[in-house]
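Student: Mind having a look at this structure? Questions to follow.
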Amino acid sequence: MMSVSLPTRVRRLAGLPLVLVVFVCSLAPSSVQAQEGGRVFLGFNGVLGLPQGTFSDNVENVGWGGNALFGLRLQDSPFVIGLEGTFLINGRSRDRVPFSQTVGPRVMVEVVTTNSLVQPHLFLRVQPASGVARPYMEVLGGFKYLFTDTRIEDVDRFDDDDIASTTNFDDFALSGGAGAGLDIRLGDWVDEDTGRLNTIFLHLGVQYLFGQEAEYLAEGDLIDLDGNGRLDRDELDIRRSRTDLLIPRLGVTITF
């Protein structure tokens, strides 16, 4: 696992989210309409991760995964603050091999190596509190965690238990950017216990998230070239670049 100097990375990214916050806040309406629905936001989205710039030179695959968010509207204002998390798979390889040299081909297992990325972000969003269609703009700040792990699975398994697993390589990078999108109201219902009006929206959005430089593995086999029983650093296909991503997303938003 690579060591990370967070203070150094903070200095390198300083200033980016602040500029975007000032820009977005300037778009806030001068008067606030009466709020329809609740102040609490829950969102669930399917997402794609499109590497940008030098990141796309090293990662050829389009990532895929999911996103979940929790937000809270500030009183009756157009501002929403919250936390979101995105999980992306950027590559996966699968091999069927003997369980051990002693057992040989009598017992076969699946060896699955996955290149993944997790990125939690705080966000500040400007969005009207009423209307059937509610556009928004947002700024985000957080970090990316990039990792490659390998696990052993039964060939014909009927559960989700792995025989064994390990993290081969990982690294962190600070992250920040901006996004925009649209929530389209699909329907409402009243909570019988609280009497509150709850609303479900179709969510369409896109984010551009700048990421600092990080080290990571590209998709491919992990091979013990010298046969010493471990994967040394010089045997790993380590890449280094910025980690910028363009993230389209589609899902639902629920307000309470």
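The values are calculated or read from the model by the stated rules, or taken from the named source; none is laboratory data. In this text the structure is predicted, and so the values were computed from the model without any measurement. These accessible areas exclude ligands, DNA and RNA; they are computed on the full protein's heavy atoms, side chains included. Shrake-Rupley method; radii C 1.70, N 1.55, O 1.52, S 1.80 Å.
Student: Given 0.36 nm per residue, what is the gain on full extension from Arg239 to Trp189 after removing their alpha carbon distance, in nm?
Tutor: 13.0 nm
Student: In whole percent, how big is the carbon plus sulfur part of the accessible area of the range 88-219, probe 1.4 Å, protein atoms only? Can you show the working numbers first?
Tutor: On the way: 3480 of 6190 Å².
Of all accessible area on the range 88-219, carbon and sulfur atoms account for 56 percent.
Student: Output ³J(HN,Hα) for the range 119-130: one whole-Hz value per residue in order, computed from phi by the Karplus curve 6.51 cos²θ - 1.76 cosθ + 1.60 with θ = phi - 60°, and x for Gly and Pro.
Tutor: 9, x, 9, 7, 9, 10, 10, 10, 8, x, 8, 8
Student: Would you kindly state how much longer the chain becomes between Arg96 and Arg196 on full extension, computed as 0.36 nm times their sequence separation minus their alpha carbon distance, in nm to one decimal?
Tutor: On the way: separation 100, 0.36 × 100 = 36.00 nm, distance 5.38 nm.
Answer, rounded to one decimal: 30.6 nm.
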